[in-house]
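Reviewing the structure listed below.
What follows draws every value from the coordinates through simple rules; no lab data is involved. The shown structure was predicted, so the numbers you read here are calculated from the model rather than taken from an experiment. With ideal geometry, Cβ positions are generated from the backbone for all residues, glycine too; neighbour counts draw on all protein chains shown.
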Amino acid sequence: MRIACFNINGIKARLGALTDWLDEAAPDVVLLQELKSVDEAVPREPFEERGYNVATHGQKGFNGVAILSKRPLEDVRHGLPGDAQDEQARWIEATVMGDRAAVRVCGLYLPNGNPAPGPKYDYKLAWMERLRVRAAEMLVNEEPVLMGGDYNVIPQDEDAARPEAWREDALALPQSRAAFRRVLNLGYTEAFRARVQGPGHYTFWDYQAGAWNRNDGIRIDHVLLSPQAADLMTGCGIDRDIRGRDKPSDHVPIWVEIDA
DNA sequence: ATGTCGTAACGTTTACGA
């Protein structure tokens with residue numbers, strides 16, 4: 001089962017680029033971030049005619065997450081628990097039955113947090129603590145769990161082409177990195193780093209200042225696997241070339257292959 | 001040129017968030 005994550009930066013603006021990629025990569029499950037659309041305005045036909053079931057958690061103008069799946073989506077939950085006042089659409093989860101195992105898949109769009117310090121950074125750190133609590137809850141069943149999406153965290157300096165440029169940024173501050181590690185330290189495996197070491201691997205290049213042409217990227221889209229899911233991983237990769245196409249998102253897809 | 005893009009709105013332009 002191939003599961004991909006893709007921050008598309010606007011479902012309406014990205015529909016053509018997204019369906020082109022779906023036709024080529026043919027993932028079984030896709031976790032989408034930044035729909036920037038309410039549920040009713042998300043086009044379903046382009047996905048359903050390609051065999052995908054669609055679950056969305058949208059919001060007007062900003063944020064918004066979705067799951068596409070060729071297998072049925074069961075027990076869909078919208079929103080990250082832990083704050084009834086939080087109206088931002090950044091979390092969706094569902095169970096997908098594989099041939100050999102059921103996988104709980106969670107799509108997330110973690111808050112950017114800039115400027116830091118400030119209320120937006122406080123919200124980011126609070127959201128990350130809620131993520132840690134939900135991540136811990138899901139380990140209790142000792143079953144495959146996958147949490148993927150735009151974490152808005154540069155885990156280490158090697159994950160940025162110019163780490164010095166991000167030193168004071170909410171994506172790289174020590175508190176952000178520590179909060180990310182607190183989730184890993186529960187027992188989750190970062191899929192990409194379990195298979196690929198070293199610098200030079202990115203999932204985001206800013207639209208500004210020729211970042212793509214200069215390969216001035218950062219690695220902020222991640223897939224975290226519970227121990228039972230990590231046992232089943234047979235591959236992980238970043239679809240880097242997508243960034244060089246017409247009308248690209250500023251992010252590219254990351255995918256994992258799970259023998260489930 | 002403080003360098004781009006997508007979305008919303010009292011829209012033909014500005015504000016916001018990234």
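Exposed loop sites here mean GluC sites (Glu not before Pro) with a DSSP loop assignment and at most 13 other beta-carbon atoms within 10 Å; chain A contains its longest site-free run at A:169-260.
Placing unit charges on the Cβ atoms of the charged side chains and taking the dipole of segment A:1-70 about its Cα centre, the candidate lying farthest along the positive direction among A:38, A:25, A:68 is A:38. For residue A:187, nonlocal amide neighbours, meaning residues 5 or more places apart or on other chains whose placed amide H falls under 5 Å from its own, do not occur. Residue exposure proxy: A:5, A:106, ordered by other Cβ atoms within 10 angstrom of their Cβ from fewest to most, comes out as A:106, A:5.
Label-to-label distance, residue A:97 versus residue A:209, with points set 7 angstrom from Cα along the beta-carbon direction: 5.1 nm. 3J(HN,Hα) along segment A:19-29: 5, 4, 5, 4, 5, 7, 7, 6, x, 6, 9 Hz, from the Karplus curve 6.51 cos²θ - 1.76 cosθ + 1.60 with θ = phi - 60°, whole Hz, x for Gly and Pro.
Starting from 0.36 nm per residue, how many nanometres of slack lie between residue A:156 and residue A:122 once their C-alpha separation is accounted for? Residue separation times 0.36 nm, minus the Cα-Cα distance, leaves 10.1 nm. Counted residue by residue at 0.36 nm each, then reduced by the alpha carbon distance between them, the extension gain from residue A:195 to residue A:168 reaches 6.8 nm.
As a ratio to 2.2 N^0.38 Å, the alpha-carbon radius of gyration for segment A:2-258 is 0.93. For segment A:2-258, a crude dipole built from +1 on the beta carbon of Lys and Arg and -1 on the beta carbon of Asp and Glu, taken about the Cα centre, is about 320 debye to the nearest 20. On a C-alpha basis, how far is the centre of segment A:3-63 from the centre of segment A:167-198 in Å? Whole number, if you could? That distance is 26 Å. In order along segment A:169-181, phi translates into HN-Hα couplings of 8, 4, 6, 10, 4, x, 5, 5, 5, 5, 5, 5, 5 Hz, rounded to whole numbers, per the Karplus curve 6.51 cos²θ - 1.76 cosθ + 1.60 with θ = phi - 60° and x for Gly and Pro. Taking label points 7 Å from Cα along the Cα-to-Cβ direction, residue A:184 and residue A:60 give a separation of 4.0 nm. Couplings 3J(HN,Hα) of segment A:110-124, computed from phi: 6, x, 5, x, 7, x, 10, x, x, x, 5, 6, 4, 4, 4 Hz, in residue order, whole Hz [Karplus 6.51 cos²θ - 1.76 cosθ + 1.60, θ = phi - 60°; x for Gly and Pro].
Legend: ranking of residues A:95, A:19, A:56 from fewest to most surrounding C-beta atoms inside 10 Å; resulting order A:19, A:95, A:56.
Rounded to the nearest 500, the helix-only mean residue ellipticity at 222 nm of chain A stands at -7000 deg cm²/dmol, with each DSSP H run of n ≥ 4 adding -39,500 (n - 2.57). The modelled label-to-label distance for the pair residue A:24/residue A:241, using points 7 Å beyond Cα in the direction of Cβ, is 0.6 nm. Annotation for segment A:136-219: trypsin sites (Lys or Arg not before Pro) lying in DSSP loop with at most 12 further Cβ atoms inside 10 Å of their Cβ are A:167, A:214. Candidates A:171, A:184, A:156 compared by Cα position along the dipole of segment A:130-225: farthest toward the positive end lies A:184, with charges placed on Cβ.
Each of A:83, A:23, A:239, A:28 has some number of other Cβ atoms within 10 Å of its Cβ, and from fewest to most they run A:23, A:83, A:239, A:28.
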